[in-house]
Amino acid sequence: MSDIPQDAIQCLDKGFIRLVDSMGGDDAIVQAARVSYGKGTRKVSEDKGLIRYLMRHRHTTPFEMVEFKFHAKMPIFVARQWVRHRTANINEYSLRYSEARDEFYIPEPEHILYQSKLNKQGRAGEVPQDLKKKVIGYFKEMSKKSYAIYAALSEAGISRELARAILPVNLYTEWYWKNDLHNILHFLSLRLDKHAQYEIRIYAEAMAKIIVEIVPIVYEAFEDYVLNGMRYSRVEQSLLSKHLPDRVIGDILEDLSYQITATLQKNKPRYNDELYRLYQKQGGSDSETDFLLKWTSGEIETGNVREMREFKSKLQELAG
Ligand SMILES: Cc1cc2nc3c(=O)[nH]c(=O)nc-3n(C[C@H](O)[C@H](O)[C@H](O)COP(=O)(O)OP(=O)(O)OC[C@H]3O[C@@H](n4cnc5c(N)ncnc54)[C@H](O)[C@@H]3O)c2cc1C
């Protein structure tokens, strides 16, 4: 099995992940999407807007046009979780064909915690140093003992495919893992989450570091809409619309009218005397004097017009 290669990101005590190959980047997604939306004139900002639109509206197939092939080495219990992501192509180190290596995951003391009482699938609560020492001791003892038996069985000529069954799931395995960007983002959304097990989250974080270099615009949109985005259920929405004062919704809508006007102005500058009318067309209701005061304050943010209009219509729906 491989030691940690130079181009890899180390994960856990003896594992790693490295990019073997990739196909396409942000532009491959734009290229594929424009087959359905038509070419038109293109600017970098439009390409970014298109990628963000696709991500926001979960128009996912263009993201499948980009592929990544990784080489990763992880404990078997991490691989068990990883392999549940069924859309990948995998080729794993064979313990029928090759000898197991004496490489076992031993947790760092800071990751040894008690079973969480709140989350049945999680850990929480500081463990005293002497108990941590004991845990690490058991991990080491079991790893050493099981490997010694495995080696003895192997020495005695017992088949590798049977002898391996004596080895515990903290044994390291390794594989090539190829997947498309859409499914990788799905993997990351689940495995970067704080509810995912620490040991697989480490690999997801390393994978994210690799892909952000190749698809920076996609990754930014993924962070904005998926990782840090929020969706509200019907019940949650009804609570919001019942309890959010009209004044608050009105203030947000007013801010959006300013921001949309500022963005339109940035994209295609108009004469100053056209601005107040433009702002009114976006639903703004301040007087012209107040408008001019705010306009010259330099505090108005700009963004993506389409996205802000979508937000506006969501708010209006909430307000009923
Ligand atoms: C925090 C956490 C806890 C978990 N706990 C458990 C657990 O206790 N027990 C357990 O068994 N698993 C558990 N899992 C695994 C989980 O149920 C999923 O199997 C895993 O996250 C892969 O998700 P997926 O099926 O969406 O992904 P993928 O297999 O990558 O599939 C991607 C998408 O393709 C589609 N798809 C793929 N294959 C099929 C198919 N055959 N039929 C229909 N649609 C398909 C689905 O839309 C799917 O969302 C857990 C996962 C997480 C993140």
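The values are calculated or read from the model by the stated rules, or taken from the named source; none is laboratory data. Values in this document were obtained by computation on a predicted structure and should not be read as measured data. For neighbour counting, all protein chains shown are included, and Cβ atoms are generated from backbone atoms with ideal geometry for every residue, glycine included.
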Only listed residue being away from the ligand (no atom under 16 Å from the Cβ), under 24 Å from T87 (Cβ atoms) and either part of a helix (DSSP H, G or I) or not charged (D, E, K, R) (or both), chosen from I158, I217: I217
Hey, K73 more than 16 Å from the ligand (Cβ to nearest atom) and out of contact with any helix residue (DSSP H, G or I) (no Cβ under 9 Å at 6 or more places or on another chain) or not: yes
Exclusive hit being of a type in the set (G, A, S) and either away from the ligand (no atom under 16 Å from the Cβ) or at pLDDT below 95 (or both), set A165, A196: A165
Any strands (runs of 3 or more DSSP E) falling wholly within segment 81-132 and containing at least 2 residues that are over 23 Å from the mean Cα position of the chain (by Cα) and either surrounded by 15 or more Cβ atoms within 10 Å (Cβ to Cβ) or at pLDDT 95 or above (or both): 89-92
Subset of segment 199-214 [away from the ligand (no atom under 16 Å from the Cβ) and of a type outside the set (V, I, T)]: A206, K209, E213
Residue in segment 16-24 that is surrounded by fewer than 18 Cβ atoms within 10 Å (Cβ to Cβ), at pLDDT below 95 and away from the ligand (no atom under 16 Å from the Cβ) present: no
Any chance I51 is buried (at least 19 other Cβ atoms within 10 Å of the Cβ), under 20 Å from the mean Cα position of the chain (by Cα) and in a helix (DSSP H, G or I): yes
Matching residues, segment 223-272, being among the aromatic types (F, W, Y), part of a loop (DSSP other than H, G, I, E, B) and within 31 Å of the chain's Cα centre (by Cα): Y232
Residue match in segment 302-313 (condition: small (G, A, S) and part of a helix (DSSP H, G or I)): yes
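Conditions tested, residue by residue: (1) touching a residue at least 60 places away in the same chain (Cβ under 8 Å); (2) more than 16 Å from the ligand (Cβ to nearest atom).
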| site | (1), (2) |
| --- | --- |
| E108 | yes, yes |
| N119 | yes, no |
| K134 | no, yes |
| Y150 | no, yes |
| H182 | yes, no |
| L185 | yes, no |
